[in-house]
Amino acid sequence: MSKPITKICCIGAGYVGGPTMAVIAQKCPHIQVTVVDLNQARISAWNDPDTNNIPVYEPGLSEVVAEARGRNLFFSTEVDEAIAGAEMIFISVNTPTKTYGSGKGMAADLKYIELCARQIARVSKTDKIIVEKSTLPVRTAEAVKSILQNTGNGVQFQILSNPEFLAEGTAVEDLHAPDRILIGGDTTEEGQQAIAALVEVYANWVPTDRILTTNLWSSELSKLTANAFLAQRVSSINALSELCERTGADVSEVARSIGTDSRIGPKFLNASVGFGGSCFQKDILNLVYIARSYGLQQVADYWEQVIIMNDHQKRRFATNIVRTLYNTVSGKKIAFLGWAFKKDTNDTRESAAIYVADDLLNEQANITVYDPKVGEAQIQYDLNYLATRSAEQNKELVTVITDPYETCKDAHAIAIMTEWDEFKTYDWQRIYDNMIKPAFLFDGRNVVDKKKLTDIGFKVYTIGK
Ligand code: UDX
Ligand code: UDX
Ligand code: ADP
């Protein structure tokens, strides 16, 4: 029997660590959960007396934090102290794609993971179970293990892989009722005991038949595979959307028709301007990099095509806007509705909006942006990060406005980049009346009622129809 866990520490208070730990604390009042981060501003925001100001926007999350915070959920920058006191440590730091050196643009940058491992090794005076929560390349656990065993203070470490499958925008829902919890660990007796300790944590609210246990490598690879399959579905339907546009078929009808085949299933078949988010591209690039490093060229090329298709989808959306606006958008105002990579999140990582905006800015467009949850600083940061032009130029060309009607006023075209529900219920007649004519609308998410808007007078372009 493994000893029950009473203290958990999570390193990394981001989109994964924050919500996951909040729900663990909510469901396990007998476990003290401390979430630590180097970023003081982020921790202060998690501790804001008004839980509506926490740094991650997720429906239902502020309520969960309000329930558990101060009771058995704590946010702190005292990383060493939290590590030292915990029996179980989750590593939930970011693992961006490398931007330098070997594997640049492809491999995951494990710098932050390694720093965490070294810190844990330095601080630990008692045995610990280390849980990988971040998405990591297969066999990262081995590297973490090697650091811990060679630089530690002679204490015992067990490494588990427990990938997170929550989707942003539905994180709380997904955490409350996950399709499955996956826990990978060593096949040794100690490894199995560590697995049992983590199973016991989740069993407080997840039915045990949904808690799958595997070896370490299977667990690590399953996470990359799940994201690769999901992204592949989006690229597949997006590939078909272009064909539909040329042939007069309707991609929504095609999606509905194939989705009723129980082997295919109806979910995740929405054609769009392209997938974004912190995981899909990064994980596939990672998979491709791993395959190439084993000399598996065909496997690598196969998965890389999912990314190539996605890049194409984003680019052709921008190209279509330019072409439709009489081959020039120079000096024209294009209004972006939505900037987040999907609805119900304030996360913008890899959002299609960033790349479409960049293409249009290269064509000298002026862009106004409205997103219900994303502010100016983030939008400018995203564009500056691409380093296509100077921050001053981005600031001059892109204006962020907090009112959607103002955003669309005097625009030549509207581009819907995120499927926020509120876009469906706008007073579209009012928007139309204030636009330059012909009033073009490019719906990158198929959210508006095309017939209704066409009747108002808009020239509506949708994906795959
Ligand atoms: C994804 C996985 O779903 C989740 O299991 C994993 O833990 C992290 O990565 P996330 O990136 O938060 O989650 O959101 P997801 O709902 O998967 O959407 C990813 C992107 O695909 C978004 O840009 C979304 O708009 C796009 N998408 C999704 C489509 O374009 N069409 C679809 O049918 C579904
Ligand atoms: C297929 C479609 O399933 C069917 O809907 C359509 O009407 C005709 O084409 P079929 O070719 O008869 O039917 O058999 P199917 O069960 O789809 O298998 C096709 C091939 O895929 C077989 O060689 C099968 O062995 C292989 N397969 C299928 C796998 O290798 N792995 C799987 O998981 C499923
Ligand atoms: P994810 O989507 O994976 O949660 P985020 O970027 O939202 O990614 O969150 C990761 C968090 O991890 C960031 O807030 C970052 O400051 C934090 N972090 C990275 N390295 C360390 C470290 N060594 N110690 C503590 N926190 C760290």
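Taking 0.36 nm per residue of separation and subtracting the current Cα-Cα distance, fully stretching the chain between N47 and D311 would add 91.2 nm. Using a/c under 1.5 as the rounded threshold, could you call the range 7-206 rounded, prolate or oblate? The axes a ≥ b ≥ c are square roots of the C-alpha gyration tensor eigenvalues, and prolate needs a/b larger than b/c, oblate otherwise. Rounded is the answer for the range 7-206, as its axis ratio a/c remains below 1.5. Summing charges over neighbours of D421, with a neighbour being any other residue whose Cβ is under 10 Å away from its Cβ, gives -1 when K and R count +1 and D and E count -1. When the Cα positions of Q149, T418, T188 are compared along the charge dipole of the chain, T418 comes out farthest toward the positive end, with charges on each C-beta of Lys, Arg, Asp and Glu.
Each of S134, S330, S161, S218 was scored by other Cβ atoms within 10 Å of its Cβ. Arranged with the fewest first, they read S330, S218, S134, S161. The relative contact order of the chain, computed from alpha carbon pairs under 8 Å that lie at least 6 residues apart in sequence, is 12 percent. Net charge in the neighbourhood of F440 (other residues with Cβ under 14 Å of its Cβ; Lys, Arg +1, Asp, Glu -1) is +4.
Given R0 = 25 Å, the distance between the Cβ atoms of R180 and D261 translates into a calculated FRET efficiency of 0.65.
Considering only the chain, what is the antiparallel percent among its DSSP beta bridges, to the nearest 5?
5
In a reduced charge model with +1 at each Lys and Arg Cβ and -1 at each Asp and Glu Cβ, the range 7-206 shows a dipole moment near 540 debye about its Cα centre.
Ranking of L148, L287 by neighbouring Cβ atoms within 10 Å, starting from the fewest: L148, L287. Along the range 391-401 the Karplus relation, 6.51 cos²θ - 1.76 cosθ + 1.60 evaluated at θ = phi - 60°, assigns HN-Hα couplings of 4, 4, 5, 4, 5, 6, 8, 10, 10, 9, 10 Hz to successive residues, with x for each Gly and Pro.
DSSP beta bridges confined to the range 7-206 are antiparallel in about 10 percent of cases. Distance between the modelled labels on E63 and T126, one decimal in nanometres: 3.5 nm (7 Å Cα→Cβ projection).
Relative contact order of the range 216-465, taken over Cα pairs closer than 8 Å and 6 or more residues apart, is 21 percent.
Computed from phi, the 3J(HN,Hα) profile of the range 7-21 under the Karplus parametrisation 6.51, -1.76, 1.60 (θ = phi - 60°) reads 9, 10, 10, 10, 8, x, 10, x, 5, 8, x, x, x, 4, 5 Hz, with x in place of Gly and Pro.
Using R0 = 22 Å, the C-beta based FRET efficiency linking F268 and E173 works out to 0.85.
The H on the amide N of I211, modeled in the peptide plane, is under 5 Å from the matching H of I181, each at least 5 residues off or on a different chain. Placing R0 at 35 angstrom, the Cβ-Cβ distance between Y302 and N362 gives a FRET efficiency of 0.70 after rounding to 0.05.
Every number here is computed from the coordinates shown, using simple stated rules; none is lab data. Just so we're clear, the structure is a prediction, and the values are computed from it rather than from any experiment. Cβ coordinates were reconstructed from backbone atoms using ideal geometry, including for glycine residues, and neighbour counts include every protein chain displayed.
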